[in-house]
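The values are calculated or read from the model by the stated rules, or taken from the named source; none is laboratory data. Note that the coordinates shown come from a computational prediction; the quantities given were computed from them, not determined experimentally. Cβ atoms come from the backbone with ideal geometry, glycine included; neighbour counts cover every protein chain shown. Each accessible area value is taken on the protein alone, full model and side chains, heavy atoms only, with ligands, DNA and RNA left out. Shrake-Rupley method; radii C 1.70, N 1.55, O 1.52, S 1.80 Å.
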Amino acid sequence: MVRQADRSACNMVNLSLFVCTSQTVGMGASIFHIFDWNTVEPLTFIVTSWWLMLGSGYYLYTKSDFAYTSVFGHFKEKKFNKLVNE
């Protein structure tokens, strides 16, 4: 059960890193190759605001920062408790 919880937490953290990397690459490509800054700038504001709301919601829900170690522990504990209670 501990390995399953570790694997699940690792997958969630890796998914988060993939989403952040995709956003960075997507915004960079949009700004420099597809559109121009005047078109993409409002989108960057909206996306940044969305991440701020998501991070604030995480903090209010868990009372901990969105750092790699605390997020990994949170996802691992959540999955482990779910597996134990099944």
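If you scan the stretch 53-82, which residues turn out to be in a helix (DSSP H, G or I), open to solvent by 100 Å² or more (accessible area, probe 1.4 Å) and over 14 Å from residue 13 (Cα atoms)?
Taking the stretch 53-82 as the starting set, the residues that turn out to be in a helix (DSSP H, G or I) are 53-62, 68-82.
Checking which are open to solvent by 100 Å² or more (accessible area, probe 1.4 Å) leaves us with 53, 59-61, 68-69, 77-78, 82.
53, 59, 60, 61, 82 - these are the residues of the stretch 53-82 that are in a helix (DSSP H, G or I), open to solvent by 100 Å² or more (accessible area, probe 1.4 Å) and over 14 Å from residue 13 (Cα atoms).
Within the stretch 29-44, the set of residues being open to solvent by 100 Å² or more (accessible area, probe 1.4 Å) and either out of contact with any helix residue (DSSP H, G or I) (no Cβ under 8 Å at 6 or more places or on another chain) or polar (S, T, N, Q) (or both) comprises 32, 33, 34, 35, 38. Checked against (1) under 30 Å from residue 83 (Cβ atoms); (2) open to solvent by less than 80 Å² (accessible area, probe 1.4 Å); (3) among the aliphatic types (A, V, I, L, M); (4) without any contact (Cβ under 8 Å) to a residue 60 or more places away in the chain, residue 47 meets all criteria but (1).
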